[in-house]
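The values are calculated or read from the model by the stated rules, or taken from the named source; none is laboratory data. The structure presented is a predicted model; accordingly, all values stated were derived computationally and were not measured. Positions of Cβ are backbone-derived with ideal geometry, glycine not excepted, and every protein chain shown enters the neighbour counts.
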Amino acid sequence: MFAAQPRHRQPYQYAAAALEEPDWRRLPGFRSVGPSEWHDAHWQRRHSVTSLAELSAVFGPLMPASLLASIGQDASGSATMAMRVTPQALNTMNEHDLWADPIRRYVLPAAADREPVWHTHPMARRDNLREQEMSVMEGLVWRYPTKALLELTTTCPLYCGHCTRLDLVGPSTTPRCTGERSARRAPCSGRATSSAAMRSAAWR
């Protein structure tokens, strides 16, 4: 038997608190939303915020005009993807200090948040994982000998700042067959798209 190891005292105390979702009805845009709707995943998806107008409607006077303008400036300039935020994610933000809120900075970046010179990583690409090179057909990425990634949807419930598949959810979805493509979901000529091609891509 192994000797009992001495217990080490933690250098600091963890603050334990019960997790409780904030009341969404405190936000002007959700005051009329009932519990059955709020807890419905389909309702959350349908009511995701995808524009500045919708964002302003949710927070109303709680949204600083300067922040809204800065988010718009970022969306038209430095943003790497479109806006899509679920009501539940918006509900986790501190509506009294949206400028400093970490969740807001993560999913609703503002131009003023960015470092002016290195506003994004200098080596960032639309297809950082180089999955385009590993796609045997549209929507099927064969990266490892015994594993494959099957892309069944073209959107995520929430677009966040650390996405590694910008070519699927980025702001531009116009397919291009030359250079870096902006959307893998639209096939280029020469790419296999039939069920027969999928069968041919089966593991050997």
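Okay, here's what the table says:
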quantity	calculated
The listed residue being within 28 Å of L55 (Cα to Cα), among the β-branched types (V, I, T) and either modelled with pLDDT of 80 or more or within 15 Å of the chain's Cα centre (by Cα) (or both), out of V107, V141	V107
Positions within the range 35-61 being in contact with a helix residue (DSSP H, G or I) (Cβ under 8 Å, 6 or more places away or on another chain) and in a loop (DSSP other than H, G, I, E, B), in sequence order	H47, S48
Subset of the range 53-92 [closer than 16 Å to Y106 by Cα and without any contact (Cβ under 8 Å) to a residue 24 or more places away in the chain]	L68, G72
Number of the condition not met by A79 [criteria: (1) of a type outside the set (D, E); (2) part of a helix (DSSP H, G or I); (3) buried (at least 18 other Cβ atoms within 10 Å of the Cβ)]	(2)
Qualifying positions in the range 17-34 - assigned to a loop (DSSP other than H, G, I, E, B) and not aliphatic (A, V, I, L, M)	E20, E21, P22, D23, R31, S32, G34
